[in-house]
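The values are calculated or read from the model by the stated rules, or taken from the named source; none is laboratory data. Keep in mind that what you see is a predicted model, and the values were worked out from it rather than measured. Cβ atoms come from the backbone with ideal geometry, glycine included; neighbour counts cover every protein chain shown.
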Amino acid sequence: MSEITTVALDLARAVLRRKVRRGQVLEMLAGLPRCTVAMEPCGGAHFWGREIGKLGHEVRLIPPAYVTPFVRRQKSDAADAEAICGEA
């Protein structure tokens, strides 16, 4: 997993070609080397950003207006996360 440089989150679901439940997000990120974690702002984004930042990762909030043009297929959490990763 040392090849990971950017992780994109949408609604606290990480896309590493798999879904991660909310209770597992911090545990999963704690096991990764320091990287950029990008997410679309939402009601809980600042909470998640603070918690993820405590793990040593760089957190970036990507405005929805910048993410939407990069969604390549139907809107879903996974498609949004891929677009966020492309924008970060």
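Assess whether Gly44 counts as being surrounded by fewer than 18 Cβ atoms within 10 Å (Cβ to Cβ), in contact (Cβ under 8 Å) with a residue 12 or more places away in the chain and either within 15 Å of Thr6 (Cβ to Cβ) or not aliphatic (A, V, I, L, M) (or both). Taking the combined requirement at face value, the residue satisfies it. Among helices (runs of 4 or more DSSP H) entirely within the range 1-77, having at least 3 residues that are modelled with pLDDT under 85 singles out 64-67.
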